[in-house]
Amino acid sequence: MSTTTDVTAAAPNLATLEAGQELPTMHKFPDEAQLFLYSAASHNPHRIHYDREYARFEGHEDIIVHGPLQGAWLTQFVTDWAGPAARLLGVTWQNRASGLTGEELVFSGTVTSVDAETGIVELEIAEHTSDGRLLMPATARVRLPLSSE
Amino acid sequence: MSESLIPAETLERVGEVLSGPVTVVVDRREAQRYAYAVGDENPIYFDEVAAQAAGYRTLVAPPTYVTHAVVQPRTASELRTDGLYREGTRIRLKVDRVMFGGEEWDFLEPVCVGDEITATVRLAAVDQKEGRKGPFVRQVRETTFVNQFGDEVARSRMIGIAR
């Protein structure tokens, strides 16, 4: 259940940030233990996340990664990039397909707008499997610290 | 236009409170257990000095944790076969299957350890749409989270797709 990020870059600088810039990708490797821990920590008893036979009975390929866990990863992807002084203002995600254990999940994103006066940056982000299957298209809004702060 | 999948009685319920208000205190260990389960080891969740250096009152909780913090304890005898709890409030639709479509979050103020959060869930919208695979219903359950200062700290809209 490790996380890797391609570059450990410094927090983005509002003065040089532009629409079109890409965020460093983040990779997650969910396993059964992580799904179990997330079910427990989020108080989610839904059987499709721990009972393989039941998940298949419901038509899933295997036990599936929780939607809200993938959502939490999308927020982590943004806050890791933006740094601790930034504030995440919002995130939206659509559930297109289910992630499975044993798959590498890749988080990527692009800056879509930068407001240098307010520090508000909008992002288009996404979660794919490593073979390119789109699981969650998403957007995020984050406020970066102004240089005088 | 296809036949309506939304009974009149359901349309009349838009705006109704479906559950809550529920009030909980954000617990440090529970919030950290959640952050570890996600694999998000941001120091602002674990190190009070780092949290304050980043401008927070004290340790902060991961953004979406608040929705899990307010889950009420339930007896296992209320579990259905699929592992979910039987809901107190049901929304009637003329459909076979409801799927999780996605979620929209606004984070308005930080949620810190020790904060007292009150959550209220409302039926925000029920709309019928025409999709490629025929008509479907988009149902939005909105949860508002308010802290001990009376500030709204977050808003979540969970989108269900029913067909």
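The values are calculated or read from the model by the stated rules, or taken from the named source; none is laboratory data. Computed from a prediction, not measured in an experiment: that's the story for all the values here. Note that each Cβ is placed from the backbone with ideal geometry, even for glycine, and that neighbours are counted across all protein chains shown. We work out accessible area using only protein heavy atoms, side chains counted, and drop any ligands, DNA or RNA first. Shrake-Rupley method; radii C 1.70, N 1.55, O 1.52, S 1.80 Å.
Of note:
- Considering the range A:9-55, and only residues there that are of a type in the set (A, V, I, L, M) and open to solvent by less than 30 Å² (accessible area, probe 1.4 Å), the residue that is farthest from the chain's Cα centre (by Cα) turns out to be A:55.
- Condition met for residue B:29 (loosely packed, with under 15 Cβ neighbours inside 10 Å, of a type in the set (D, E, K, R) and part of a loop (DSSP other than H, G, I, E, B)): no
- Restricting B:41, B:48 to residues that are of a type in the set (Asp, Glu) and farther than 25 Å from residue B:149 by Cα narrows the list to B:41.
- If you go through the range A:86-109 and keep only what is charged (D, E, K, R) and either more than 13 Å from every other protein chain (Cβ to nearest Cβ) or touching a Lys or Arg at 6+ places or on another chain (Cβ under 6 Å) (or both), you end up with A:87, A:103, A:104.
- One residue alone among A:139, A:112, A:75 is open to solvent by 10 Å² or more (accessible area, probe 1.4 Å), within 10 Å of chain B (Cβ to nearest Cβ) and either within 18 Å of residue A:28 (Cβ to Cβ) or polar (S, T, N, Q) (or both), and that residue is A:139.
- Flag if residue B:37 is touching a Phe, Trp or Tyr at 6+ places or on another chain (Cβ under 9 Å), within 27 Å of residue A:145 (Cα to Cα) and either in a helix (DSSP H, G or I) or within 14 Å of another protein chain (Cβ to nearest Cβ) (or both): no
- Total residues in the range B:1-26 satisfying the condition of being under 21 Å from the mean Cα position of the chain (by Cα) and surrounded by 14 or more Cβ atoms within 10 Å (Cβ to Cβ): the figure is 9.
- Unique residue being out of contact with any Leu (no Cβ under 9 Å at 6 or more places or on another chain), free of Cβ contacts under 8 Å to residues at least 60 places away in the same chain and within 23 Å of residue A:3 (Cβ to Cβ) when the list is B:41, B:109, B:78, B:104: B:41
- Counting only strands (runs of 3 or more DSSP E) that sit wholly inside the range B:48-163, those with at least 2 residues that are at pLDDT 90 or above and open to solvent by 80 Å² or more (accessible area, probe 1.4 Å) are B:116-131.
- In summary, residue A:71 fulfils each of the numbered conditions (1) without any contact (Cβ under 8 Å) to a residue 60 or more places away in the chain; (2) small (Gly, Ala, Ser); (3) touching an Asp or Glu at 6+ places or on another chain (Cβ under 8 Å) with the single exception of condition (1).
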